[in-house]
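Chemist: This is the structure I want to talk about, given as structure tokens.
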Amino acid sequence: MSKKTMPLFALGFRPFYLLAALWSVIAVVEWLCELSGYSFRGNSEIPGIQWHAHEMIFGFAATVVAGFALTAVRAWTGLDTPTGKSLMLLVLLWIAGRVGPLLSPYLAVVDVLFLPAIAIAIGRLILHQRMYRNLFLPFILSVLGVLNAVFYLSANNRIQIDANKVLIISLFLIVMIEIMIGGRVIPSFTANAFFGIKQIRNKNLATLVLACCGASFLLWIFFPTNYLTAIVCLFTGLIQLKMLWGWNPLATVSKPIVLVLHAAYLWIPLGFILLGLSALGFVTIYIPVHAFGIGATAGLIIGMITRTAMGHTGRPLIAGVIETLAYTLVQATAIFWMLAHAFSGTWFHSALGWAGICWCTAFILYLFKYFPWLTKPRLDGQPG
């Protein structure tokens, strides 16, 4: 980091973690207001539920992935990802992407450009170092960029494609990133945190899990209510559970910074089991979608944006009271959301309200503690 570079723009995780956390609170508050009959989005052509889903996927989850990618690729390749003015331009592009579509549907093109820009920024470095194994990350970000464009065209009635399905497919892609990266780092983080811990890691099982996850999502996309889809999804959930159990999650109870990753990852096999049940008609698709979206995605995000922020600001990897509370509140959000959809009437609104309160509190706590950290130089004086 040069002396002229603001600490906030020293590395990609700094601005994008903060923006994602802040925007998630704004988006959840707006959605709860819409459910109560109020809205501050203006006269957008996009229905409220689709805007909410889009912003939680592209404005929140994909933004964290972008910040993580810009940071991880520098570590993987040893080459500099955008910092300083170039990173500032990416941040301005992201902000314009949040505001622009609210002003005019034509300004959605600004939002569509963001993920391809990130994919290009990291893809060229990965190619330069011939680290082809990691090309999945810019590839998925590029596909997400295309899906984002398709969503806007559909939601604004320019093409006849189900916008809801586009959003679900986008979430599936983010879950695939979680499966690929989580399958690498969660058992490793566990082994590093607990010296001598017993784990069962089977490369063949991990490969089978990845293949089955991809097959399950593809089957649901093309055959959402099909016995084969149900069987493959249920099988995928069970072998995911077997793989997770091999990582020895019960041994992590004493360290919340590791436990949170196991707890969040547990929602992935549960999501596949629920996806299988939805293919049989026992639950609606929105049950597994929120298992993936809140329990897994948000759970892994709050675990990773605390952990990586500690590490990349030169701090020890120890979760304090605020982190532990934030981890718990995100998991409580998922549970309250599930309870909300198990009831109707006032119980539904009450549980959904509590889910919103838990979510907002978790990410406000993150902003409260990490904003000072991410806007100041590293404690150890290292760049980044």
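Chemist: Quickly run through region 200-218 and pick out the residues that are surrounded by fewer than 21 Cβ atoms within 10 Å (Cβ to Cβ) and touching a residue at least 12 places away in the same chain (Cβ under 8 Å).
Modeler: Across region 200-218, the qualifying residues are ILE200, ARG201, ASN202, LEU205, ALA206, LEU208, LEU210, CYS212, GLY214, ALA215.
Chemist: Same structure again: State which residue is nearest to the chain's Cα centre (by Cα) when the search covers only region 253-265 and only residues that are hydrophobic (A, V, I, L, M, F, W, C) and buried (at least 20 other Cβ atoms within 10 Å of the Cβ).
Modeler: Among them, the one singled out is ALA264.
Chemist: Of all residues in region 337-369, which are of a type in the set (Phe, Trp, Tyr) and either in a helix (DSSP H, G or I) or within 25 Å of PHE16 (Cβ to Cβ) (or both)?
Modeler: If we filter region 337-369 for residues that are of a type in the set (Phe, Trp, Tyr), which is where we start, we get 337, 343, 347-348, 354, 359, 363, 366, 368.
Across region 337-369, the qualifying residues are TRP337, TRP347, PHE348, TRP354, TRP359, PHE363, TYR366, PHE368.
Chemist: Identify the single condition in (1) modelled with pLDDT of 95 or more; (2) farther than 18 Å from TYR17 by Cβ that ALA326 does not satisfy, given that it satisfies every other one.
Modeler: Unmet condition: (2).
Chemist: Further question on the same structure: I'd like to check something: does region 289-302 contain any residue that is assigned to a helix (DSSP H, G or I) and free of Cβ contacts under 8 Å to residues at least 24 places away in the same chain? Walk me through it before giving the result.
Modeler: Residues of region 289-302 assigned to a helix (DSSP H, G or I): 289-302.
From what's left, free of Cβ contacts under 8 Å to residues at least 24 places away in the same chain: none.
No: region 289-302 contains no residue that is assigned to a helix (DSSP H, G or I) and free of Cβ contacts under 8 Å to residues at least 24 places away in the same chain.
Chemist: Residue check, ILE221 against (1) surrounded by fewer than 14 Cβ atoms within 10 Å (Cβ to Cβ); (2) closer than 19 Å to GLY299 by Cα, all met but one. Which one?
Modeler: So ILE221 meets the others, but not (2).
Chemist: For region 10-19, indicate whether the set of residues that are among the basic types (Lys, Arg), crowded, with 24+ Cβ neighbours inside 10 Å and part of a helix (DSSP H, G or I) is non-empty.
Modeler: Step one: filter region 10-19 for residues among the basic types (Lys, Arg), giving 14.
Adding the requirement that they be crowded, with 24+ Cβ neighbours inside 10 Å leaves 14.
After this cut, where a residue has to be part of a helix (DSSP H, G or I) as well, the list is 14.
Yes - at least one qualifying residue is present in region 10-19.
Chemist: Could you tell me which of the residues LYS198, LYS255, LYS242 is of a type in the set (Lys, Arg) and modelled with pLDDT under 95?
Modeler: Only one candidate qualifies: LYS198.
Chemist: Quick check on my filter: what residues within region 313-327 are touching a residue at least 40 places away in the same chain (Cβ under 8 Å) and either basic (Lys, Arg) or part of a helix (DSSP H, G or I) (or both)?
Modeler: Passing the criteria: ARG315, ILE322, GLU323, THR324, LEU325, ALA326, TYR327.
Chemist: Residues being of a type in the set (Val, Ile, Thr), assigned to a loop (DSSP other than H, G, I, E, B) and closer than 30 Å to GLY311 by Cβ: count how many of those fall in region 193-241.
Modeler: So the first thing to find is which residues in region 193-241 are of a type in the set (Val, Ile, Thr), and the list is 197, 200, 207, 209, 221, 225, 229, 231-232, 236, 239.
With the extra rule that they be assigned to a loop (DSSP other than H, G, I, E, B), the set shrinks to 197, 200, 225.
From what's left, closer than 30 Å to GLY311 by Cβ: 197, 200.
Residues in region 193-241 being of a type in the set (Val, Ile, Thr), assigned to a loop (DSSP other than H, G, I, E, B) and closer than 30 Å to GLY311 by Cβ: 2 in total.
Chemist: Follow-up question, since we're still on this one. Among THR284, THR308, which is out of contact with any Leu (no Cβ under 9 Å at 6 or more places or on another chain), surrounded by fewer than 24 Cβ atoms within 10 Å (Cβ to Cβ), at pLDDT 95 or above and of a type in the set (S, T, N, Q)? Walk me through it before giving the result.
Modeler: Values: THR284 fails: at pLDDT 95 or above.
Every option except THR308 fails the conditions.
Chemist: Could we say that LEU32 is surrounded by fewer than 22 Cβ atoms within 10 Å (Cβ to Cβ), at pLDDT below 95, assigned to a helix (DSSP H, G or I) and in contact with a Leu (Cβ under 9 Å, 6 or more places away or on another chain) here?
Modeler: yes
Chemist: Separate question: Please go through region 83-121 and pick out each residue that is within 21 Å of the chain's Cα centre (by Cα), over 19 Å from ASN148 (Cα atoms) and β-branched (Val, Ile, Thr).
Modeler: Matches in region 83-121: none.
Chemist: How many residues does region 95-123 contain that are surrounded by 15 or more Cβ atoms within 10 Å (Cβ to Cβ) and farther than 30 Å from PRO47 by Cα?
Modeler: So the answer is 3.
Chemist: Moving to a separate point now. Of everything in region 366-384, what is free of Cβ contacts under 8 Å to residues at least 60 places away in the same chain and either among the acidic types (Asp, Glu) or surrounded by 13 or more Cβ atoms within 10 Å (Cβ to Cβ) (or both)? Give them in sequence order.
Modeler: Across region 366-384, the qualifying residue is only LYS369.
Chemist: Ok, one more. All but one of (1) out of contact with any Phe, Trp or Tyr (no Cβ under 7 Å at 6 or more places or on another chain); (2) closer than 16 Å to GLN331 by Cα; (3) crowded, with 19+ Cβ neighbours inside 10 Å hold for GLY276, so report the exception by its number.
Modeler: GLY276 satisfies every listed condition except (2).
Chemist: Would you please name the residue that is nearest to TYR106 (Cα to Cα), looking only at residues in region 35-53 that are surrounded by fewer than 18 Cβ atoms within 10 Å (Cβ to Cβ) and free of Cβ contacts under 8 Å to residues at least 40 places away in the same chain?
Modeler: ASN43
Chemist: Please verify whether region 137-144 includes one or more residues that are closer than 27 Å to LYS376 by Cβ, touching a helix residue (DSSP H, G or I) at 6+ places or on another chain (Cβ under 8 Å) and surrounded by 15 or more Cβ atoms within 10 Å (Cβ to Cβ).
Modeler: no
The values are calculated or read from the model by the stated rules, or taken from the named source; none is laboratory data. The model shown is predicted, which means the values in this text are computed figures rather than measured ones. Positions of Cβ are backbone-derived with ideal geometry, glycine not excepted, and every protein chain shown enters the neighbour counts.
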